[in-house]
Amino acid sequence: MWGGRTGALLRVWGLWPAGVLGRRPLSCNAASVAGSSSPQCWNCGGPGGPMRGDGFFCPQCRALQPPDPTRDYFSLMDCNRAFRVDTAKLQTRYQDLQRLVHPDFFSQRSQTEKDFSEKHSTLVNDAYKTLLAPLSRGLYLLKLHGVEIPEGTDYEMDRQFLMEIMEINEKLAEAQSEAAMKEIESIVRAKQNELTDNVSRAFEQDDLEKAKEMLTKMRYFSNVEEKIKLKKIPL
């Protein structure tokens, strides 16, 4: 753990990531669902939800069913459970699902279906946003492997990397022109692209420790990106 001037400056600048990556088994109710009797439609009592696959509606009465609590974002968005994602396909899937379950299409339906449509729509939005961005996608994929980020804990990084982050933030603090800001943005973007490639290779090799390290570095640079955006906003 870094102390002294390095650690102090990182805390002052708000550069410590929100948490440290650690292993913890995922909690889910898959076992209880599997052990229960076949789910029934809340409306007609026939075999219905929560529905798996794309069967969001009861095949008998066509009532919207509740979301499947055991389904992960990759399955919901029809993506392979991998770091590399076809973002064009992801966007198409998102639009298709929203046309299917958006609350606007259930204004004349029962209150139960209205509530389910709200839950479905929120879930689809969350899944889309999570899988669209490399950082959140990688962190979610780690979570599915039993790795999470406890909040409020520092993560130990090597001195060279921390010094690199400090230098970039010093340049950002001193930047007074648009050209200087663009130069910093270019540096950060290149670093994020490099780290994204490293994360992808780590997952392909099932090296979760490496993926964990690269994603943590991405979080540091993500913090810098947020500071760049704030500095661009005129006071």
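For the range 67-198, the solvent-accessible area with a 1.4 angstrom probe is 55 square angstrom per residue. Going by amide H atoms built from the backbone, whose H comes under 5 Å of the H on Val147, apart from near neighbours? Under 5 Å from the amide H of Val147: Arg24. The portion of the accessible surface of the range 71-131 made up by carbon and sulfur, rounded to a whole percent, is 43 (1.4 Å probe; DNA, RNA and ligands excluded). Computed over the range 60-143, relative contact order equals 37 percent, with contacts defined as Cα pairs under 8 Å that lie 6+ residues apart. Magnitude of the charge dipole for the range 71-131, about its Cα centre and with charges confined to Cβ atoms of Lys, Arg (+1) and Asp, Glu (-1), is about 160 debye. Radius of gyration over Kirkwood radius for the range 42-140, both on Cα atoms: the Rg/Rh ratio is 1.00. P(r) tail, the range 98-151: Cα-Cα pairs separated by more than 15 Å, 57% of all pairs.
The values are calculated or read from the model by the stated rules, or taken from the named source; none is laboratory data. Computed from a predicted structure; not experimentally measured. Note that we place each Cβ from the backbone using ideal geometry, even for glycine, and neighbour counts take in every protein chain shown. Protein only, heavy atoms only, side chains kept; ligands, DNA and RNA dropped before computing areas. Shrake-Rupley method; radii C 1.70, N 1.55, O 1.52, S 1.80 Å.
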